[in-house]
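The values are calculated or read from the model by the stated rules, or taken from the named source; none is laboratory data. Everything quoted here is computed from the prediction, not taken from an experiment. Ideal geometry is used to build each Cβ from the backbone, glycine not excepted, and the neighbour counts take in all protein chains shown. We work out accessible area using only protein heavy atoms, side chains counted, and drop any ligands, DNA or RNA first. Shrake-Rupley method; radii C 1.70, N 1.55, O 1.52, S 1.80 Å.
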Amino acid sequence: QVQLVESGGGLVQAGGSLRLSCAASGIIFSIHAMGWYRQAPGKQRELVSVITSGGSASYADSVKGRFTISRDNAKNTVYLQMNSLQPEDTAAYYCNARRAGFNSWGQGTQVTVSS
């Protein structure tokens, strides 16, 4: 059974930082691309960042230079370091695992940034 469990969300003031973690089980973690998506109330879910199985990272323009994605294949965990957080970063953040013919989501963790 595949499980993706996010943690690390919370309430932070503008300019602050948070680190999200997503622990995966039930998959061969190292061969999956891992991503972080977010969904704000009334908006569509959007891609924040993805890291390939080979470690190549990409980011949405809105978070470039502020967020950093990383993965630890030994711990089956992907991280999202979020710095210089702004109120517009407020959303539920979801972890995603993907490879050909497979796509799985975590339950999400809430990030709230106060101004």
*What's the number of the condition ALA14 fails, among (1) surrounded by 15 or more Cβ atoms within 10 Å (Cβ to Cβ); (2) touching a helix residue (DSSP H, G or I) at 6+ places or on another chain (Cβ under 7 Å); (3) among the small types (Gly, Ala, Ser)?*
(1)
*Filtered residues of segment 78-102 (kept if closer than 28 Å to SER114 by Cα, open to solvent by 10 Å² or more (accessible area, probe 1.4 Å) and part of a strand (DSSP E or B))*: TYR79, GLN81, ALA92, TYR94
*Considering only segment 44-59, state which residues are part of a loop (DSSP other than H, G, I, E, B), more than 18 Å from TRP105 (Cα to Cα) and open to solvent by 60 Å² or more (accessible area, probe 1.4 Å).*
GLY54, SER56
*First in segment 48-66 and within 14 Å of TRP36 (Cβ to Cβ) and free of Cβ contacts under 8 Å to residues at least 40 places away in the same chain, second anywhere and assigned to a loop (DSSP other than H, G, I, E, B) and of a type in the set (Gly, Ala, Ser), Cβ under 8 Å, 6 or more apart*: SER49/ALA60; ARG66/SER84
*asked:* Quick check on MET34: is it open to solvent by less than 50 Å² (accessible area, probe 1.4 Å), of a type in the set (A, V, I, L, M, F, W, C) and within 27 Å of SER115 (Cα to Cα)?
replied: no
*Could you please find all residues in segment 60-76 being assigned to a strand (DSSP E or B), surrounded by 14 or more Cβ atoms within 10 Å (Cβ to Cβ) and either more than 10 Å from the chain's Cα centre (by Cα) or aromatic (Phe, Trp, Tyr) (or both)?*
PHE67, ARG71
